[in-house]
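This report concerns only the one structure given below.
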Amino acid sequence: MAEDLYSVLGVSRSADQKEIRRAYREKARKFHPDVNKTPGAEETFKRISEAHDVLSDPETRSQYDRFGENFRQYAAADAARSSEQPRRSGGTRYTWSGGGAQSVNWEDLFGGGFGGFGRGADHTAELEITVEEAYKGGRRTVQVASPYGGAQEYTIDIPAGAVDGQRLRIAGAGGAGADGQDGDLLVTLRVKDSKRYRLSGADIETDLPISPWEAALGADVSVPTPGGPVTVHVPPGSSTGRRLRLRGQGMPRRGQPGDLYARVKVVVPRTLSKKEKELFEQLRDESSFDARRGS
């Protein structure tokens, strides 16, 4: 009878994925044929790798728990599909041979580099946030899928004035280290334009809808900004597309904050009252302005 896979790794049947991963790394380091030249080390390493392959995947682990060592006969299709999935994305793979070549991920074994025997590997992820979130900062919960199955939630603090591409570090949330020092999770922020705001470097742009009479006569109007409403003066004769600059109302920065640009958008009423229609007709008859002249 084949040795129980949990016994091969030296873990209990209730062990979680982190315990299984840690046990695999410790034993793989000890019995890897490039490290251990004693007779039988290669076969022991193959058995350790097989145990890890089965128990690190929730689906094949469930099949093994149910059917025992003959689980592949009862779930051949599932086992075949699971075996095609790599245990980990990223990392450089090196091969060793001896009685048949077998591939092993040295980053899985040694925590982030060939010959590194301590700290776990850093993992990476991306988090999409809005311009408003980047401006104010705040706390977000991120869920990161584990290459060993399942997912883990982490809480991350986004600093006010965050920029696209900025990296935040969650200490100890990366790969497990053989000596207990886990790697970190590096989260790259991606700032996404919202319906109201568009980001260009440290500057923010937003549309400012105004009426035809405000555009023609000028007006003081309220502009919504991520930091709260601000009043801006619309000069007389403003057309759609004109940009009004609000200094210092862009993204927070150490030293000089960015600016906010309100882009004028003249909006015409869809329906007119009888009096409004008469006034527009009167303006049409009195004005010599030709919007298409010189365009």
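Neighbours of residue 224, meaning other residues whose beta-carbon lies under 12 angstrom from its beta-carbon, give a summed charge of 0 when Lys and Arg score +1 and Asp and Glu score -1. At a probe radius of 1.4 angstrom, the accessible area of the range 180-295 per residue rounds to 66 square angstrom.
Distance between the pseudo-spin-label points of residue 157 and residue 171 (7 Å out from Cα toward the beta carbon): 1.2 nm.
Computed extension gain for residue 50 through residue 188, at 0.36 nm per residue and net of the alpha carbon distance, reaches 46.2 nm. Accessible surface comparison of 195, 274, probe 1.4 Å, protein chains only, largest first: the order is 195, 274. With the convex hull drawn over the C-alpha atoms of the range 152-259, the volume per residue is 118 Å³. In this simple spin-label model, placing a label point 7 Å from the Cα along the Cα-to-Cβ direction at both residue 69 and residue 213 gives a separation of 9.1 nm. Under 5 Å between amide hydrogens, built in the peptide plane, is the criterion, and for residue 208 it picks out 263, 264, 265 among residues at least 5 positions away or on other chains.
Estimated at the nearest 10 Å², the accessible area of residue 273 is 60 Å² with a 1.4 Å probe. Residues of the range 191-213 with an amide N closer than 20 Å to a point placed 7 Å from the Cα of residue 280 along the Cα-to-Cβ direction: 209-213.
Computed from label points 7 Å out along Cα-Cβ, the spacing between residue 203 and residue 270 is 3.4 nm. Taking the protein heavy atoms of the range 176-292 in the context of the full set of protein chains, the accessible area attributed to carbon and sulfur is 49 percent at 1.4 Å.
Evaluated at q = 0.27 Å⁻¹, a Debye calculation over the C-alpha positions of the range 218-259 (equal weights, vacuum) places log10 I(q)/I(0) at -1.00.
The values are calculated or read from the model by the stated rules, or taken from the named source; none is laboratory data. Small disclaimer: the values here were computed from a predicted structure and weren't measured. Note that each Cβ is placed from the backbone with ideal geometry, even for glycine, and that neighbours are counted across all protein chains shown. Surface accessibility is based on the protein's heavy atoms, side chains included, excluding ligands, DNA and RNA. Shrake-Rupley method; radii C 1.70, N 1.55, O 1.52, S 1.80 Å.
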